[in-house]
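Here is the structure we will look at, set down as structure tokens.
The values are calculated or read from the model by the stated rules, or taken from the named source; none is laboratory data. These figures come from a predicted structure and were not determined experimentally. Every residue, glycine among them, receives a Cβ derived from its backbone with ideal geometry; neighbour counts consider all protein chains shown. All accessible areas refer to the heavy atoms of the entire protein, side chains included, with ligands and DNA or RNA removed. Shrake-Rupley method; radii C 1.70, N 1.55, O 1.52, S 1.80 Å.
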Amino acid sequence: MTGSSPSEQVALYGPDGRPSGEVADRARVRRDNLRHAATHVVVRNSDGLVYVHRRTATKDLYPGLYDFTAGGVLQAGEDPLLSATREVEEELGVSGARLVPLFEADYADDRARFHAYCYECLWDGPIRWQPAEVAWGQWVTPERLLEMLDELEFMPDAVANMRPWLESLRQR
């Protein structure tokens with residue numbers, strides 16, 4: 001997220017996928033791999049293409065990996081939809097698009113543990129990267145994106161949480 005700092009306050013989440021009532025600063029969440037909440041937003045255009053981008057090498061988590069979602073960590077007290085709206089605007093310049101809730105999911109590995117709020121939006125406007133977060137991007141078909149998932153190193157959380165949904169696009 002743009003402007004995030006190690007002292008940013010993050011709500012901690014319980015195993016039930018809801019806020020536990022505790023907060024921690026972002027640096028501690030990362031250091032101790034504390035369970036929190038985050039968002040995934042898939043940006044599609046009216047031709048059905050999905051926007052894919054590569055993260056910058058300076059990102060605090062999974063630097064340089066490819067991604068097909070915009071998103072980030074929910075701040076303490078932040079509504080998931082508002083967080084997702086903020087993140088897709090900050091990362092890709094998508095402003096004013098209606099985000100459609102898809103589902104909620106959970107993800108955990110040795111670097112991140114979180115409850116995910118997953119959305120999609122339709123966007124035919126320009127993509128404007130946040131230079132601190134995005135190094136490259138392009139529109140691809142869902143079929144091509146599925147091939148790319150096997151060819152390139154993508155964000156493991158986005159792949160784990162969103163791949164079944166992405167595969168369902170082939171049937172549409």
- prompt: Any chance region 21-33 includes a residue that's open to solvent by 50 Å² or more (accessible area, probe 1.4 Å) and touching a residue at least 24 places away in the same chain (Cβ under 8 Å)?
  reply: yes
message: Within region 139-147, does at least one residue satisfy the condition of being closer than 16 Å to Leu92 by Cα and open to solvent by 30 Å² or more (accessible area, probe 1.4 Å)?
response: yes
query: Quick one: how many residues across region 148-172 are of a type in the set (D, E, K, R), surrounded by 16 or more Cβ atoms within 10 Å (Cβ to Cβ) and more than 16 Å from Arg55 (Cβ to Cβ)?
result: 0
- request: Restricting attention to region 12-70, report how many residues are at negative phi and assigned to a loop (DSSP other than H, G, I, E, B).
  value: 20
task: Take the residues in region 67-101 that are of a type in the set (A, V, I, L, M, F, W, C) and open to solvent by 50 Å² or more (accessible area, probe 1.4 Å), then tell me which one is farthest from Ala160 (Cα to Cα).
output: Leu82
task: Report, by residue number, each residue of region 34-66 that is of a type in the set (Ser, Thr, Tyr), farther than 16 Å from Trp129 by Cα and surrounded by 15 or more Cβ atoms within 10 Å (Cβ to Cβ).
output: Thr39, Tyr62
query: Can you tell me how many residues in region 122-172 are in contact with a Phe, Trp or Tyr (Cβ under 9 Å, 6 or more places away or on another chain) and polar (S, T, N, Q)?
result: 2
query: List the pairs whose first member sits in region 81-93 and is in a helix (DSSP H, G or I), whose second member is open to solvent by less than 10 Å² (accessible area, probe 1.4 Å) and among the small types (Gly, Ala, Ser), and whose Cβ atoms are under 7 Å apart, counting only residues at least 6 apart or on separate chains?
result: Glu87/Ala70; Val88/Ala70; Glu91/Ala70; Leu92/Ala70
